[in-house]
Amino acid sequence: IALISDIHANYIALTAVLADIQAQKPDQVIFLGDAATIGSQPNETLDALKALGCVCIQGNHDAAVLDPKRATELQIASQLHSSLDWCVEHMSADDFKFLRSFRPTYELALDAKLSLLCFHGSPLSNTDLILATTAPEIIDGFFAGQTSAIWTGGHSHIQMLQRHGDKLILNPGSVGSAFQHAYMPGLAPQFLPWAEYAIVSTEGEVVSMDLRRVPFDTQKVLRHVAESSYPFKAGWLNQYPQNPT
């Protein structure tokens, strides 16, 4: 199962990831939310997701596109509201219909004993944040009553694999804007110069997880942003480090 998340209208990064996915030949792709905001190519991104025909989970940005009045409640930073409005203005009726088909969660049986639970932030809310430093008791609250062996979500833009009791928590990272460090209010995140996703594989009762980094043409992305009418371009152009390591 290929897991992709947090594309954020970075179609150039998505194209690189989809090429790598095609080479890996998974049985299924699942999208974990946040499709078409923040970046400069929302229409191309949504068209690519439609063509995949995959299960799509609703992220907080997807929900905000459908109801911009809830942007603050959905934890969309105030400086991004103009880019959210710009995205809404560029979407078609079919785009909105597609976003309304996104699910809050999805559970997939991998075999008779093993299942995968998909969400964006947590099974309770697409704004919940799970990091490596999240307290175990908070995680217990997010997943109370859940029986799946593997829990996978996005939202943090940081790849992560950790064990919680007898469960595994997997974050595939962000396709469109992989963060160097966890987001902190008032501090703009820096983007890493690659796209991230993950593959979960099973063979009998053996489970393996592959956290993948895929290079893409960041300069091409920056040129597209600079040449677009995207309103938050100045902030976006400053996101990639000058000398990434």
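Computed quantities for the displayed model
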quantity: Enumeration of residues in segment 158-188 that are closer than 23 Å to A35 by Cα, part of a loop (DSSP other than H, G, I, E, B) and not hydrophobic (A, V, I, L, M, F, W, C); calculated: Q159, P172, G173, S174, G176, S177, Q180, H181, Y183, P185
quantity: Condition check for Q75: on the phi > 0 side of the Ramachandran plot and surrounded by 14 or more Cβ atoms within 10 Å (Cβ to Cβ); calculated: yes
quantity: Test: residue in segment 145-155 that is within 14 Å of the chain's Cα centre (by Cα) and without any contact (Cβ under 8 Å) to a residue 60 or more places away in the chain; calculated: no
quantity: Segment 83-125 - residue that is in contact (Cβ under 8 Å) with a residue 60 or more places away in the chain and surrounded by fewer than 13 Cβ atoms within 10 Å (Cβ to Cβ) and, of those, farthest from V225 (Cα to Cα); calculated: K113
quantity: Helices (runs of 4 or more DSSP H) completely within segment 56-157 that count 3 or more residues being touching a helix residue (DSSP H, G or I) at 6+ places or on another chain (Cβ under 9 Å) and over 25 Å from E205 (Cα atoms); calculated: 60-66, 81-89, 93-100
quantity: Count - residues of segment 20-53 that are farther than 15 Å from S228 by Cα, in a helix (DSSP H, G or I), open to solvent by 10 Å² or more (accessible area, probe 1.4 Å) and without any contact (Cβ under 8 Å) to a residue 60 or more places away in the chain; calculated: 7
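The values are calculated or read from the model by the stated rules, or taken from the named source; none is laboratory data. As the structure is a prediction and not an experimental result, all values here were calculated from the model. For neighbour counting, all protein chains shown are included, and Cβ atoms are generated from backbone atoms with ideal geometry for every residue, glycine included. Heads up: the accessible areas ignore ligands, DNA and RNA and are worked out on the full protein's heavy atoms, side chains in. Shrake-Rupley method; radii C 1.70, N 1.55, O 1.52, S 1.80 Å.
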